[in-house]
Every structure is written in C-alpha cells, then in structure tokens.
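Working notes, structure below.
Taken together, the values in this text are just the output of simple stated rules run on the coordinates, not laboratory data. Note that the structure is predicted; figures quoted are calculated from it, not measured. Neighbour counts are summed over all protein chains in view; Cβ atoms, including those assigned to glycine, are modelled from backbone coordinates with ideal geometry.
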Amino acid sequence: MTRKIVSTGRGGAGKSTFVALIARCLNPPTLLIDLDPDLSLADMLGADFRKEKKRTVSEALYDVIEIRRRGANVSIPTHELMESLLWSDCLYEDVGFDLITLGTKLTEGCYCPPDELLRRTIPKLARSYTNVVVDSPAGVEHLNRNIVSDIDDLFVICDPSEKSLKHIGRIKEIMKQVGVRYNHFYLVANYEFDEETEEYLRNSGEVYLGKIDYDADLEQYNLKGKSLLELPEDSPAFLSIKRILTKTSYG
Ligand SMILES: Nc1ncnc2c1ncn2[C@@H]1O[C@H](COP(=O)(O)OP(=O)(O)O)[C@@H](O)[C@H]1O
Ligand SMILES: [Mg+2]
C-alpha cells in the first residue's frame with residue numbers, strides 16, 4: 001500500500017523544508033509532488049529540471065492543449081495523452097526519490113484543468129511508490145482542489161503567530177467540507193517557536209509532534225540554493241525531523 005503524506009501550513013512556515021528532509025528518511029521508492037508554483041522544492045533538492053530536460057505538469061498540459069487545438073491524436077483521450085507525458089516528460093528521477101511539479105498557473109486564477117488531470121493520474125502514478133509526499137502551496141486553497149483525497153499523514157507546519165493557530169482550525173474545517181479523509185493529523189512547530197509558544201500547540205487538543213530546531217546551515221543552504229540532501233545527518237533540523245518521525249509510525 002502506498003502511504004500518502006501531505007505537508008501544509010502558512011507561507012514561509014517551512015513546508016518545503018520539511019518535505020525535503022523527510023524525503024531522506026522514508027523507505028524508497030518515494031514520489032514527491034510539488035503543488036507550489038514557485039518550484040522551491042526542486043531547488044531544495046538540487047533537482048535541475050532544465051538540465052534533465054524535464055517539464056512541469058502545467059507545461060506538459062499546455063502541449064496537450066496545443067495538440068488538441070491542431071486536431072492531432074484525437075483518438076487518444078486527453079487524460080491518456082497527459083498520463084504518458086507525465087511519465088516521460090514530467091517525472092524527475094533521482095536516487096532516493098522521484099519528483100513532479102505542478103508549475104505555474106495555466107489560466108489566471110484557475111488550476112482546474114491540471115487539477116482534474118492530477119486527480120485522475122496521481123492514484124495511478126502513486127501505485128508504483130511506497131510513499132507519496134505532497135508539498136503544498138501556502139494557505140488552504142489547495143485543500144479545496146482535493147488533489148489527494150485519502151491522506152495517511154497530514155503534517156501541519158506551524159509558525160508561532162496567532163494566525164497560524166487559527167489556521168489549524170481552518171484546515172480541519174475545509175477538509176470536512178471538501179471531504180478530504182485523513183488518518184493522522186499532526187502538528188509540527190517550526191524553528192521560530194520557544195518554550196512558551198510551544199505550550200499552545202501542546203494544549204491544542206491535536207497530536208503535537210515537536211519542534212524543528214533552528215539550523216543556521218540549512219538557512220545558508222536555502223539561501224545559496226544548495227541541496228538539502230547534502231545537509232549533514234547530525235544537523236539540528238535533520239535530527240529534529242528524525243525525532244519527530246519516531247513519534248509517528250515511521251519511527
Ligand atoms: N529549521 C530551520 N532553521 C532555519 N531556517 C529555516 C528552518 N526551516 C526553514 N527555514 C527557512 O525558512 C524559510 C521558509 O522555508 P520553506 O520551507 O521554504 O517554507 P514554505 O515551504 O512553508 O514556504 C526558508 O528561507 C528556510 O531556509
Ligand atoms: Mg514551499
């Protein structure tokens with residue numbers, strides 16, 4: 001069975017960093033899906049799409065629309081064309097993980113066509129992997145898009161602001177409305193928390209897994225665009241992730 005993991009939270013909370021670090025801890029094969037249009041996860045993992053001649057899902061979809069406009073390949077359904085492009089053009093393969101990225105919006109304000117295709121194709125892609133980890137864009141809008149509806153583990157990466165705490169309730173509300181099912185709802189504190197603010201999460205009534213420690217090296221790696229795969233095993237953030245995972249069934 002494929003395990004579906006989602007990292008969510010507010011902008012800048014540390015969602016992509018969390019995904020990049022847990023990708024190193026999971027049993028391969030792991031598929032990472034980046035739903036954030038800024039492609040930061042690829043950068044964090046040193047995945048050079050251009051060099052490997054790989055494309056985002058939006059770019060591939062654009063081609064499919066063009067093919068349709070020209071009236072070519074009409075006997076092949078759009079989702080089948082897209083599925084074959086996903087495998088051949090969009091799947092970036094590395095040693096410990098594969099990665100696909102959604103890319104920028106095709107039409108201003110509308111993710112619908114790529115979402116629909118991802119909803120159809122992700123379950124098929126996922127079958128070949130032990131783990132699928134989704135890195136979300138900021139906010140809750142992506143939950144409305146319902147791309148992954150059966151989640152095993154939802155990790156909410158929190159920052160210590162009032163808004164972040166309200167955000168936890170909002171996520172639960174939206175998931176209920178949209179009908180996203182999950183087995184575990186986990187809270188993780190980002191590096192900005194202190195003892196006092198951590199108490200909020202401990203008393204939240206949700207499962208609180210602990211804090212990711214501040215890591216000066218990680219900050220530098222991200223600033224310089226160096227891959228987090230090269231971050232030493234004993235770096236504070238990586239040790240925090242390992243400690244956090246021992247509190248889940250991964251441990
Ligand atoms: N443990 C940490 N220590 C220091 N800086 C961190 C840590 N985790 C994340 N950051 C920094 O916080 C910023 C936001 O992280 P990122 O993972 O991109 O957030 P998100 O994906 O939620 O927008 C990045 O500049 C990153 O370097
Ligand atoms: Mg991000």
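Taking 19 Å as the limit for the C-alpha separation, the pairs Lys15/Lys211; Lys4/Lys247; Lys54/Lys224 exceed it in the case of Lys54/Lys224. For region 20-26, backbone phi angles converted through the Karplus equation (6.51, -1.76, 1.60; θ = phi - 60°) give residue-by-residue couplings of 4, 7, 6, 4, 6, 9, 8 Hz, Gly and Pro being listed as x. Using alpha carbons only, the radius of gyration of region 49-160 set against its Kirkwood radius gives Rg/Rh = 0.97. Each Cα pair under 8 Å and six or more residues apart adds its sequence gap; the mean of these over the residue count of region 3-246 is a relative contact order of 29 percent. If only the Cβ of Lys and Arg carry +1 and only the Cβ of Asp and Glu carry -1, the dipole of region 1-157 around its Cα centre is close to 180 debye.
Of the residues Pro236, Thr121, Asn144, the one whose Cα sits farthest toward the positive end of the charge dipole of region 108-236, with +1 on the Cβ of Lys and Arg and -1 on the Cβ of Asp and Glu, is Thr121.
Remark: C-alpha extents of the chain on the principal axes read 62, 40, 35 Å, sorted largest to smallest.
Across the options Leu81, Phe49, Val64, the greatest Cα extent toward the positive end of the charge dipole of region 1-141 (unit charges at beta carbon of Lys, Arg, Asp, Glu) belongs to Leu81. In straight-distance terms, cross-link reach from Lys51 covers every one of the aspartates and glutamates whose alpha-carbon lies under 15 Å from its own, apart from those fewer than eight places away in the same chain; here that gives Asp43, Asp89, Glu93, Asp94. Between Glu66 and Arg120, the FRET efficiency estimated from the beta carbon spacing at R0 = 22 angstrom works out to 0.65. With a simple spin-label model that places each label point 7 Å from the Cα along the Cα-to-Cβ direction, the separation between Ser84 and Met1 comes to 3.4 nm. Look at the dipole of the chain built from charges on Cβ: of Gly12, Tyr186, Ile174, the Cα furthest out on the positive end belongs to Ile174. Modelled label positions at Arg202 and Asn27, each set 7 Å beyond Cα in the direction of Cβ, lie 3.4 nm from each other. A run of the chain free of exposed loop cleavage sites, with GluC sites (Glu not before Pro) counted only in DSSP states other than H, G, I, E and B and at most 14 other beta carbons within 10 Å, reaches its longest extent at 109-232.
Counting other C-beta atoms within 10 Å, and keeping those with at most 11, which DSSP coil trypsin sites (Lys or Arg not before Pro) do you find in region 16-67? Please list the in-between numbers first.
On the way: sites: Arg24, Arg50, Lys51, Lys53, Lys54, Arg55; in loops: Arg24, Arg50, Lys51, Lys53, Lys54, Arg55.
Counting only loop positions with at most 11 other Cβ atoms within 10 Å, the trypsin sites (Lys or Arg not before Pro) in region 16-67 are Arg50, Lys51, Lys53.
Sites listed here are trypsin sites (Lys or Arg not before Pro) in region 154-245 whose DSSP assignment is loop and whose Cβ has at most 16 other Cβ atoms within 10 Å: Lys226. Residues Ser128, Ser7, Ser40, ranked from the fewest to the most other C-beta atoms within 10 Å, line up as Ser128, Ser40, Ser7.
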